[in-house]
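Heads up, the thing below is written out as structure tokens.
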Amino acid sequence: MAYPAENSGVINTKLKKVFTMNPIYQMLQLQQQLNDATNGKGWEGGITKNAKEINWRRCIYMESCELIDSYPWKHWKSIDAPANTENAQIEVVDIWHFVMSLALEDFKINLKGDIGFLANEIEKIENFSTLRGKNSINSNAKEIIIHIEDMLRAIFAHKSSFKVMEKFFNIVVDVGLNIEELYTLYVGKNILNQFRQDHGYKSGEYIKVWNGAEDNEVMHNLLQTAPHIKPDELYHELQRVYESL
């Protein structure tokens, strides 16, 4: 199904409902809003409102290093340590922010289409179907790291945003997520990112460790306790915990 331009007059109530129910479309919309708020309008040109260069590919490979550290890859240290699968899922969601941003930038500056069209094209990626079912966590750390490095090769070779996304979807499956679970965690992290920005993240005033746990873990635990919590309710719950520090 091809999505028409969002500002055209042909989107009827039924199509608007499809947009609302489409998790890819919703996540792209949220990412656009977060980037607009954090970096300023026109960030797709590669510069923030504070005149800082934006490099989404660098963001992806730096976060990928943190993802690799969720696994016992070091031959000289803790060789029998279990994988930190909960942290791996959070790191994957962090990478997803930047993968989407890369695609949003690509489609905007190259005039490929609006967010609705982008969402439709993402669902056509060959391995996207693997996100529709229930996925189990891959216990083969070596294989997961190979998949991460496959994505990094696409980054360093300046492959298209869709080629990067295709490689990324293999990693999503590896950490045991499907599209609904990716959406839930993404919305949680998106709200946390907004919360950070509202509480002095850029200025350095923000407290990231809450009673011995990183805010990422607090957010993840809140979602596990109340998986159907609404975004504004999650924000208020984060506010309640933060104010109690």
Practice problem: Mind sorting Lys163, Lys77 by how few other Cβ atoms lie within 10 Å of their own Cβ, fewest first? | Solution: Lys77, Lys163
Practice problem: Give the order of His147, His75 when sorted by the count of other beta carbons within 10 angstrom, beginning with the fewest. | Solution: His75, His147
Quiz item: In whole percent, what relative contact order does the chain give with Cα contacts below 8 Å and a gap of six or more residues?
Solution: 20 percent
Self-check item: Structure-based [θ]222 nm, the chain - -39500 (n - 2.57) summed over DSSP H runs of at least 4, per residue, nearest 500
Solution: -19500 deg cm²/dmol
Quiz item: Which order do peptides 83-92, 116-125 fall in by mean Cβ count within 10 Å, highest first?
Solution: 83-92, 116-125
Quiz item: Taking θ as phi - 60°, what are the ³J(HN,Hα) couplings along region 39-52 by the Karplus curve (6.51, -1.76, 1.60), each to the nearest whole Hz, with x for Gly and Pro?
Solution: 9, x, 4, x, 4, 4, x, x, 9, 7, 5, 9, 6, 9
Quiz item: In which sequence would Ser160, Ser244, Ser101 go, from the one with the fewest C-beta neighbours within 10 Å to the one with the most?
Solution: Ser244, Ser160, Ser101
Self-check item: Gain in span if fully extended, Gln33 to Ala81, counting 0.36 nm per residue against the direct Cα distance
Solution: 13.4 nm
Self-check item: Dipole magnitude (debye, nearest 20) for the chain, charges at Cβ of Lys, Arg, Asp, Glu
Solution: 560 debye
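FYI, it's all coordinate maths here, none of it is from the lab. Given the structure is predicted, the values throughout are model-derived calculations rather than measurements. Positions of Cβ are generated from backbone atoms using ideal geometry, with glycine treated the same way; all protein chains shown enter the neighbour counts.
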